[in-house]
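Only one structure is covered here, and it is reproduced in the block below.
No lab work stands behind these numbers, since they all come straight from the coordinates. Just so it is clear, the structure is predicted and the values come from calculations on it, not from any experiment. So basically every Cβ, Gly included, is an ideal-geometry build from the backbone, and we count neighbours across all protein chains shown.
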Amino acid sequence: MTAPGLHHYLVISALLFCLGLFGVIVRRNILIIYMCLELMLNAANLALVSFSRFNNNLDGQVMVFFIITVAAAEVAVGLALIVALYRRRQTTDVHDLTTMKL
Amino acid sequence: MNDALPWPILFLPLIAAVLITLFTQKRNGLSAALSVGAIAISFVISVILFVNAGEAAFESKINWLTVGALNIDFGMRIDSLSLLMLLIVTGVGSMIHIYSVGYMHGDPSFSRFFACLSFFTFSMLGVVLSNNFFEMFIFWELVGVSSYMLIGFWYQKSSAANAAKKAFLTNRLGDFGFLLGIIMLWSITGGLGFATLPKPGTTATVVGLLIFCGAVGKSAQFPLHVWLPDAMEGPTPVSALIHAATMVAAGVFMLCRVFDVFSLDALTVIAWTGGVTALMAALIAVQQNDIKRILAYSTLSQLGYMVMAVGLGGPPQAMFHLTTHAFFKALLFLAAGSVIHGLTNEQDIWKMGALKKKMPVTFWTFLAGTLALCGVWPLSGFYSKDSILAEAFKSGHLALFGLGVVVAILTTFYMFRLFFVVFLGKEKSQAAGHAHESPKVMTLPLVVLALMSCVGGLIGIEPFVGKQFGMTESHETLAIIAPFVHAPVAAFAGLAAVMVGFLAAMSLYAKAQTDPLPAKLQGLAILLRDKFYFDELYARIIALTQDALASVADFLDRWIIGGLMVRGTQGTTELVGRAVRFVQSGNLQFYAFSFAAGVAVVLYLVLYR
Amino acid sequence: MSPLPYIFCLPLLAALLIVVIPRNYKFVIRGISLLATFGSLVAAITMFCQFNGAPIMEGGFRFVQKISWVESLGINYYVGVDGINLGLILMGAAVAFAAVAVSNRIQTSEKEFYILLMVMIGGILGAFASLDLFCFYFFHELALVPTFIMIGVWGRGENKNFATFQITLYLSIGALLVLIGLIALWLSLPEGQRTFDIVALTEYFKDPAHRMGSGAQHLIFPLLLFGFGILVSLWPFHSWAPLGYGSAPTATAMLHAGVLKKFGLYGLIRIALPFMPDEVKSWMHILAYLCLGNILFCGLVAIRQRDLNLLIGNSSVAHMGFAFLGIASVSLIGITGTIMIMVAHGFLAALTFALSGYLYEQTGTLDMEKMGGLLRRLPFIGTVMIMAMLAGCGLPGFANFPGEAMVLFGSWNQFSLITVLAVWGALVIGGVYMLRAIRTIWHGDKAQPEYADAAGLWRKFPYALLLAGLLVFGCFPRLLTDPIKSSAEPLVRMAAGEGAKAVLIAPSDDVTTIRAATHLSK
Amino acid sequence: MNALDYFFYLFAGLTLLCGLMVVVNPFSRNPVTSAMFLVLMMVSLSGLYVTLHAFFLAAVQILVYAGAVMVLFLFVIMLLDLKEEEHRKIKLATLFLGALSVGSIAFILVKLLGNARLVSDAPSAEGSTIELGLKLFRQYTLPFEIVSLLLLVAMMGAILLSKKEIK
């Protein structure tokens, strides 16, 4: 097993990203979909950090830092939406939530 | 002074027609006076012109339309040919105008009749006086329209309306050929006058034949003859004026006017068309029972004679026969009219009989007309028909000569059949019983026309017209016996034909109460009575071509263009709209999937191709 | 002040005036519109009479007025008259007056109707008078839009909506193509000469050095040809015409079929033909075959029609076929014939639609089978309609005949077979459906209830006016052909390109050309 | 291959496994289990950051992500007290199509990134807190302020959205 180079990390992040995407497409519970979104976000973070590590500047890591804060904000608003949605429709199954009008 | 004269001749009837339609619709007397006055003055002026007509033919014209190389004049051309035709049209026309004052008395649209009559006279004079092809075509169509209005005068009668439509459309067919001929002539020679001659060759023959089409349409020659018998739906003076004396003669006049346009083989075609029409019409006339239809078919056959004469290279003979024919045929029609008038609109000859005593004037004038038509020796018909037969014999067309003689026999046969059944024998219905003689205003023209048809052969019409066509031989011998001296064969053949016809008619019809002929030759008689089924044939041809084509076009228009292209585009856009709507289904997973699929495709395209 | 601006400004001013008047003064509204159109008619007649005397400005135009509007783009209000649009404007004014006089039967919301009518009339007359491409197009749109609204709101018949939808779609596409063509034309000019002024353009394109690039020509000409073709119901794009006129109110049908449709032909003659000569040569054969479709196809369809308006609509499309044949022949005689037909057909279509409107109003139906033997009940309308229908099938004495004759004479050398079929279409097919219509409507012995004939001089005047137009130009065609000839000659010479000599004179090649030429020079 | 390298493979494997568990949860349909696996995934990810010498980020990852975000998730799941989802049949079509498209993306990315070679192969950036802080407050001060504003907006949004339902 060779020392982990940049491409190893990138492959891992690609796989993680595809896992997240697969989750979003297949799963039916909106919360799970939301988690998979987080998964995809973290995949992106991993790629950024590995690039900053191998290209020898820290911008990548600052970028990740910002991404994390944005992700946090996003989760907050997202979950609030899901709660409101659940309170109105009493379901979290994606197939029931097909009309824009609540 | 001379060249200003023809203009009033032409425009007086038009002014009369316009005045009647616009102002004097209500006052019958005034409109009759206007119309008769107009044609009478024209007749007087044409007599003046005839009297001091010098040798030179003169023209006066104004420019009607000139664009690029197309310049069309509107002019008058006076020469012996048009002078003769002027005299016929205005002379016989006046007789008929006077006659119809009596005949149409009491008709609700009396003044409209006279307006149409004057308009017809205007267009007929236009044809006679025009000096170039295009102007002649204009008046050709106007004559067609006026005959349409006159035939369809009693438009309430659906049969009259159909007959009018049929007449006009058949004339239009003829005009189609005529206009094409004019366009071709113009494109070859660049000019439209009668003097412009195309270089001899196949195109010249084609042009000649196309122009002949016009005459075929107007003079009801063989293929386009179906409209003339139906044109009898119009009032009798109309039949007399249009379908005996003037309009149908326009075709023959036109052939004579443009005679040098025709190449030799065009002339043979013309001769044979004339011959075939003459024979066919005479055959049909034998089995007709309506008095006016018999006269109509006899006109057809006489016209065939004239066209044959032109085809044989003899415009003077044709014009001579045309003149004499105008007199006695107008006479016959008017006499028939007075018979119908007397028997209160009865037209079937088998319901008449023994009118000799009740209508003496009509009887004698009718007899004179019949004798003239059959070609009995001293009367005008003999001289004109004989000159045609002599021309045929002299120029070696023996087949046509034989055909002419056969037609002469048939003519005498059906005319005397008519004469015996109508005037002699016993009354065949009570209407015939209390028939009464027509009033003076109707019988006077009969007498005048009877005189003209007796003396017409001797007043030298042929030489008068002949000098324009290079006829030079002078007549030393007395005019009355000239034919026997010059062309004895033709003269005696003619007389023999008359005798044969007369004997056959007398034996069959002198005492006949019903028509014996169908018993003798069943199949042929029915064929003749139904006019060789031309009408049904044409109806089917039209149904086949015109209506079928029209319905195909309508189908195409309605479905292909209307449906396919318009509704098609509308339909496809709607379809596309519905398809796109399906994508916006609101299903989250579907969106995610399409997103992923999109990314996959883009990545593949960008990275691997 | 030359009479020209009065002709199209009066109706527009009337439209503005009517806006102010309250709705229930029906009589005042109608009075104003009658007055305005009568004024423009008088102005048109005076202009027609003074035409020969008037001073000739550059480009052979008279009564010229030029006020610059948008310098940067080269757009200016530029109006003028020459032989070609003289007859059209006179006919337009006459038809407009007759249309207003005839539309006294509109009961619902007259105010809007008359405003739209006035705008339409102003637009039509302005379009024919303007010598600036931009105004030319602007006035045409000004006239086109009210047509759609009028057919949509005041139309009649059961498929009115479909007809409105179709006519709007077709004409907007046509107008769009023309717009693209015009802009492409404007862009194809070199930087310095960019202008919308037609006179300057003709001057510019006159000398061969400025010949437009074949690439540009290759693109612009089809656009203009098919754009104008759609506006004038060229054969494959004609299905909007009969349907649209069938369900249009009388006034709109008269104005559109009679006058607005001629805009396309006028545009072709004025703009498309002279500016792109080499394109003309390659497209004219196609146009000839298409107009053959017009004449024969629509003629045959007309034979099968039962509805009177559809019959008239189809026959007017057939007449347009002749106009196109004249253009396709690209000869002086052909094009003069086309312009003559445009004027004659204007009077004819207006007259026939006015009469069919009257018939519809009296009998309540346009189905010819239900009518019959009407001549007894409606003698005046009957005689005028019979004369109009006979004029329709090309009877001499009416203006259509000289027009069609010139087109046939002009197009014989180019397309002899097509001319033969065109003559067949004109004389026989035209005769058949017109006479069949006369036979079923007027003659015959069907009992008909009591209908009120057009009594009184005032009621008869519009019909008499249009019939007079037909008869005057029918008997004295030189009134029209001389002005047309003198101003069409330069355009045809440009359109015909190199072979100007032979084409212009039109008869066949050999000796006749020289002899004919001497005719011309004499 | 020194000891650190083994840690990479360990953490990478762990991350992928937990990620898979979040998505395809064989144990139970209850979202809580997926949330738990997500937390595990976060932790293993921060381990990966450590192998990349991004120590500050590793800490932040655990603190913010695993700590705050996942807690929020669990909080919401508990709030909605989701019962076991009734077992709806898995629509094979979506499963297959999803797998197909994601598989093709994964295949392309892995094939591509697999042979991505860096020019200079010397990994050298040290992600200690000091450098990161210096960079953050020197070069990226403006984005830093904007992010704080973003958080404020997020908070207000969340409050407004989850207020009692206004009829």
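Comparing chain B with the 2.2 N^0.38 Å rule of thumb, its C-alpha radius of gyration ratio is 1.22 (two decimals). Extent along the principal axes, Cα only, for chain C: 70, 54, 43 Å, with the longest axis given first.
Sorted ascending by nearby beta carbons within 10 Å, beginning with the fewest, B:Tyr608, A:Tyr34 become B:Tyr608, A:Tyr34.
Is the C-alpha gyration tensor of segment B:380-464 telling us rounded, prolate or oblate? Criteria: a/c under 1.5 is rounded; beyond that, a/b larger than b/c is prolate, otherwise oblate.
Values: a/c = 5.50, a/b = 1.63, b/c = 3.37.
Cα axes put segment B:380-464 in the oblate bin.
When both segment C:170-244 and segment B:565-584 are represented by their alpha-carbon centers, they are found 31 Å apart. Note on segment C:78-199: along the principal axes its Cα atoms extend 54, 30, 21 Å, ordered by decreasing extent. Close amide-amide hydrogen proximity is noted between B:Asn132 and B:Gly75, each under 5 Å apart and 5 or more residues distant or on a separate chain (H modeled in the peptide plane; Pro and chain starts excluded).
If you take the Cα centroid of segment B:134-166 and the Cα centroid of segment C:261-324, the two points sit 30 Å apart. By the gyration tensor of its Cα atoms, with a ≥ b ≥ c the square roots of the eigenvalues, what is the shape of segment C:196-235: rounded for a/c under 1.5, prolate for a/b over b/c, or oblate? Oblate shape, in that a/c is at least 1.5 and b/c is the bigger or equal ratio. The convex hull of the Cα atoms of segment D:127-167, projected and averaged over all directions, covers 3.9 nm².
Given a Förster radius of 56 Å and the C-beta distance between D:Ser128 and B:Val576 as r, what FRET efficiency does 1/(1 + (r/R0)^6) yield to the nearest 0.05? Once rounded, the FRET efficiency stands at 0.40.
Measuring between alpha carbons in the structure, the pairs from B:Lys531/C:Lys446; B:Lys61/B:Lys385; B:Lys218/C:Lys485; B:Lys157/B:Lys351; D:Lys111/D:Lys135; B:Lys218/B:Lys329 lying more than 27 angstrom apart are B:Lys531/C:Lys446; B:Lys61/B:Lys385; B:Lys218/C:Lys485; D:Lys111/D:Lys135. With neighbours defined as other Cβ atoms within 10 Å of a residue's Cβ, the residues C:His285, B:His341 order from fewest to most as C:His285, B:His341.
With Cα atoms as the point set, the radius of gyration and Dmax of segment B:198-237 evaluate to 14.7, 46 Å. Using the Karplus relation 6.51 cos²θ - 1.76 cosθ + 1.60 with θ = phi - 60°, the per-residue 3J(HN,Hα) values for segment C:26-41 come to 4, 5, 5, 4, 5, x, 4, 5, 4, 4, 4, 5, 5, x, 5, 5 Hz, with x marking Gly and Pro.
Beyond 18 Å, the tail of the calculated P(r) for chain A holds 59 percent of the Cα pairs. Rounded to the nearest 10 degrees, the angle from helix C:456-475 to the longest Cα principal axis of chain C is 30 degrees. Computed over segment B:1-153, the Cα gyration tensor eigenvalues convert (square root of 5λ each) into semi-axes of 28, 18, 12 Å, ordered from largest to smallest.
Taking the Cα atoms only, what angle lies between the long axis of helix B:398-423 and the longest principal axis of chain B, rounded to 10 degrees? Around 70 degrees separate the two axes.
Quick check on the protein assembly as shown: what are the equivalent-ellipsoid semi-axes from the Cα gyration tensor, as sqrt(5λ), descending, whole Å? Don't skip to the answer; put the middle values down first.
Values: eigenvalues 1715, 231, 188 Å².
Equivalent ellipsoid of the protein assembly as shown: 93, 34, 31 Å, largest first.
Relative intensity of segment B:1-53 on a log10 scale, I(q)/I(0) at q = 0.21, 0.24, 0.27 Å⁻¹, equals -0.71, -0.83, -0.95, per a Debye sum over C-alpha point scatterers of equal strength in the absence of solvent.
Note on segment A:6-100: dipole from Cβ charges, positive end direction compared against A:Leu31, A:Thr92, A:Val49; the farthest Cα belongs to A:Thr92. Taking Cβ atoms as reference points and 15 Å as the exclusive limit, the residues near A:Val77 contribute a net charge of -1, counting Lys and Arg as +1 and Asp and Glu as -1. Angle of helix C:510-521 to the longest C-alpha principal axis of chain C, folded into 0 to 90 degrees and rounded to 10: 80°.
Once fully extended, how much extra length lies between D:Leu16 and D:Leu100, figured as 0.36 nm per residue of separation less the alpha-carbon to alpha-carbon distance?
Working: separation 84, 0.36 × 84 = 30.24 nm, distance 1.91 nm.
Contour length minus Cα-Cα distance gives 28.3 nm.
Looking at segment A:1-45, the pairs of alpha carbons with a distance over 18 Å make up 35% of the total. Computed from backbone phi, the HN-Hα couplings of segment C:235-251 come to 3, x, 10, 9, 5, 6, 5, x, 5, x, 5, x, 9, 7, x, 3, 4 Hz, rounded to whole numbers (Karplus: 6.51 cos²θ - 1.76 cosθ + 1.60, θ = phi - 60°; Gly and Pro given as x).
Please identify the helices of chain D, taking whole runs of DSSP H, that span at least 15 Å along their own axis as judged from the Cα atoms and have a mean Kyte-Doolittle score of 0.5 or higher. All intermediate terms of the calculation are to be shown ahead of the outcome.
Values: long enough: D:3-23 (31 Å, 1.90); D:31-51 (30 Å, 1.68); D:92-114 (31 Å, 2.07); D:141-161 (30 Å, 2.25).
TM-like helix candidates: D:3-23, D:31-51, D:92-114, D:141-161.
In segment C:194-299, inverting the average of 1/r over every pair of distinct C-alpha atoms gives 15.3 Å as the Kirkwood radius.
For the pair B:Ser585 and C:Trp458, label points projected 7 Å from Cα toward Cβ lie 7.0 nm apart. Karplus-derived 3J(HN,Hα) values for segment C:487-492, using 6.51 cos²θ - 1.76 cosθ + 1.60 with θ = phi - 60°, are 8, 7, 4, x, 5, 5 Hz; glycine and proline are entered as x.
Give me B:Leu508, C:Leu491, A:Leu46 sorted ascending by neighbouring Cβ count inside 10 Å, so fewest comes first.
On the way: B:Leu508 17, C:Leu491 21, A:Leu46 24.
Lowest to highest Cβ neighbour count: B:Leu508, C:Leu491, A:Leu46.
Relative to one another, the C-alpha centroids of segment C:388-403 and segment B:329-394 are positioned 40 Å apart.
First check a/c for segment D:1-83, with a ≥ b ≥ c the square roots of the eigenvalues of its C-alpha gyration tensor; if it is under 1.5, answer rounded, and if not, answer prolate when a/b is larger than b/c or oblate otherwise. Walk me through the numbers before you get to the answer.
Numbers: a/c = 5.29, a/b = 1.69, b/c = 3.14.
Verdict is oblate for segment D:1-83.
Value of Rg to Rh for segment B:283-414, rounded to two decimals, is 1.01; Kirkwood radius and Rg both from alpha-carbon coordinates. Using a basic spin-label model with each label point 7 Å from the Cα along Cα→Cβ, how many nm lie between A:Ala84 and C:Lys26? Inter-label distance under the simple model: 5.8 nm.
Please give the FRET efficiency for C:Ile67 paired with C:Cys475, using the beta carbon to beta carbon distance and R0 = 25 Å, rounded to the nearest 0.05.
On the way: r = 40 Å, r/R0 = 1.60.
The formula returns an efficiency of 0.05 here.
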